[in-house]
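Rule-based calculations on the coordinates, nothing more; no lab input. Predicted, not measured: the structure shown is a model, and the values here were computed from it. FYI the Cβ positions are ideal-geometry reconstructions off the backbone, even for glycines, and counts take in every protein chain you see.
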Amino acid sequence: MQKTQAVREAEERAAARGASGGLDEPATAPYWCPMMDGPAGTPPCRRARADATSAGDGELVQRNKELSALVALAETISRSQELRTVLEDALEKVLEIVAMEGGEILILDPDSGRLVLRATRGIETPQTREGVSFAPGEGVPGLVAEAARPMVIRNVLKDPRFVRARAGWQTPHALVGIPLMARGEVVGVMDLFCLRECPHRTEECVQCACVDAEDVSLLLAMGQQIGMAIDSARLWEELRRKEKNRAHLLQQVIVAQEEERKRIARELHDGAGQLLASLMISVKRLQSMDLPEEACARMREIRATAARILEEVHDLALGLRPSMLDDLGLAVALACACDDLGRRTGIAVDYHRDGLESIHLPGAVEIAVYRIVQEALTNVAKHASASNVSLLLRARGGRLRAIVEDDGVGFDVAATLEDAPEERKLGLVGMQERASLLGGSCTVESRPGAGCTVVVEVPIPRQGEAYE
Amino acid sequence: MSENRIRLLLADDHAVLRSGLRLLLSEQPDMEVVGEAADGEEAINKARELKPDVLLLDITMPGVGGLEALERIKKEDPDIKVVVLTMHDDESYMERIMTSGGSGYVLKKAADTELLQAIRAVQQGGVYLHPAMTRALVSQLQRKAVAQEKQSHLESKLSEREREVLKLIAQGYTNKEIADMIFLSVKTVETHKAHIMDKLELRSRAELVRYALDNGLLKA
């Protein structure tokens, strides 16, 4: 808010009046607010009221100004969700609105219960101000927070409540402490400083002695706004932290699960599988001996049973973890998945891939894309009633994209995510989850009657050569 | 007599299976096991040292796997015939092994009945595939031939718009993305796509992509 020259002059006149009127602040009163100062006379004011021609107009002008100030602050605060930026921007805006020189914001740390300095502006501070904090009731911030009420100190040097006479800290002449409130609780304190030498050489600073009732109530309203902003920025930060932890945990669970599946699949192959193969060879050797026909028939039975067990062990291992994913790569493993679907359901999957020849895909990308596509193909088999399905796999420009498309019955994606049975919903959400863990995405395009397209796209970490 | 025997090297990381195989093979009058290896590295070294006629190779071994061993052995000594012994009854493995120079592909579940036959076949310069794999290979070739024939006599009767949509489909964009790119509704894009498929007698997105690639639509 820009002040006009007239307003400035009026303010200065008013300020001079206020100073000569001399508000006597009792040293015993812990909190002083002009609002509560009773009929002691006209509070000093440098605001527009002074040059308003009538009380009604003055009221209107004042309200208007307050409103614009709050709107300007709200606009500033809403620009960022990051706490530090919110605080710095808010402080700058408030100083601009109330035309004071310096300020600081302290935030109540819920763990330690102390007010921790988080932002300063316009005031000289030591280089390292890490860990500057106040206990409840300590210093101006502590007192303001404890009482949840504003405080105005007109002569900082003479006031015992100001406890910060540390090296490197610029001492203001006067200050206003404003509690920052959110949901009825103090979440921090904003101190605004008057740093200019008082031109009138009076004991009390006339520059800020003029913080009057309207100013304080305006500042309190701003305090509410900033408090809410702190609250939401904190919730946002907490959410982000939790989300990060969740993603990390999920990733670990997935890795552990895949490793476990791989291990069991290997053991099935290497243990039971090889022993069965050996058994069959032993039976074969027996058969070449000169044995009665009945014994030979029994041995053929044994051989057939062993062969069936071996096949089952192999299928079991394949279901757990396709070994071709590790041996031959994603492109081949997906070809097998397509064949497999065709064999099981009779739906032919048309598979086309390009750009993967010269690319090395990390194991995490391979298994994630494999599992997502596998899920998509399973969904097609279960729900789509499709006659044609295609799978496209394409690597280009550092990204790997897989598209599974069917010409089946389709479905309402939003509604399905909303009220489908838990299993199907989980399938869709799980696909998106796995893709997003790799910094990628998985989208489903479909509507009833129009088939369904599932697109998975993940970045390929730099290592091998990119396509083209 | 012994000069005419097939000299065999066994490479498999499973000791029990290896000893079973050794016993089986040693009983054959025309075969002789000259060495064993428990992993890919050892297989490479033993092959170099013993120069067997036929190497029986398990492809899933720890360390240097069977696939890499196969490639390196064939590179060093193309005369060594390799019969791969595996649990995997999948075409992709077979394709990879055959292109890497393998001569035989025997499934472990059929080792008892097919292995001896396979060894004798490759020794004579032939190739041995598990019957199911041969079928898969042949049907794959047939599919390719049909697809090529179908495309070669198709006239392109696409409109400009359809051409544009086909190109974008081939570049891997979804209907919704295409709609956003050329300012059409998703439904209109779907309609274009359906028309393209009708005109080109294609049935799926993958076929559209292949068509576009084969007809140079992506180059323009």
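Some values worked out for this structure:
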quantity	calculated
Long-range amide H partners of A:Leu180 with built H, under 5 Å	A:Val187, A:Gly188, A:Val189, A:Met190
Reachable aspartates and glutamates, given that their alpha-carbon falls under 17 Å from the alpha-carbon of B:Lys46 and they are not under 8 places away in the same chain	B:Asp12, B:Asp13, B:Glu32, B:Glu36, B:Asp58, B:Glu68, B:Glu71, B:Glu76, B:Asp77, B:Asp79
The range B:1-77 - Kirkwood radius from inverse mean 1/r over Cα pairs (Å)	12.4
Peptide-level mean, for B:103-112, of C-beta atoms on other protein chains within 10 Å	5
Radius, Kirkwood style, for the range B:2-135 when every pair of distinct Cα atoms is counted (Å)	14.3
The range B:1-160 - percent relative contact order, Cα under 8 Å, separation 6 or more	17
Among B:Val186, B:Leu202, B:Ala170 - extreme Cα towards positive end, dipole of the range B:150-213, charges at beta-carbon	B:Leu202
Net charge, A:Ile281 excluded, C-beta distance under 12 Å - Lys, Arg +1, Asp, Glu -1	+3
Helical contribution to [θ] at 222 nm, DSSP H n ≥ 4, -39,500 (n - 2.57), averaged over chain B, rounded to 500	-17000 deg cm²/dmol
Cα-based radius of gyration of the range B:150-213 once divided by 2.2 N^0.38 Å, which approximates compact folds	1.03
Neighbour cut-off at most 11 other Cβ (10 Å), DSSP loop, trypsin sites (Lys or Arg not before Pro), the range A:396-468	A:Arg462
For B:54-65, mean number of other protein chain Cβ atoms within 10 Å	1
Restraint check, B:Lys81/B:Lys108; A:Lys244/B:Lys176; A:Lys425/B:Lys176; A:Lys382/B:Lys187, Cα-Cα greater than 27 Å	A:Lys244/B:Lys176
Crossing angle, helix B:131-152 versus chain B [Cα axis fit, 0-90 degrees, rounded to tens]	30
Cut-off 13 Å between beta-carbons: net charge of the residues surrounding A:Pro459, Lys and Arg +1, Asp and Glu -1	+3
When the convex hull of its Cα atoms is projected in every direction, mean area for the range A:348-468 (nm²)	7.2
Average beta-carbon neighbours from other chains, 10 Å sphere, peptide B:10-20	4
From the C-alpha gyration tensor of the range A:211-335, square roots of 5λ in Å	72, 12, 9
Selected from B:Met133, B:Met87, B:Met197 as most flexible by GNM, with chain B as the system and alpha-carbon contacts under 10 Å	B:Met197
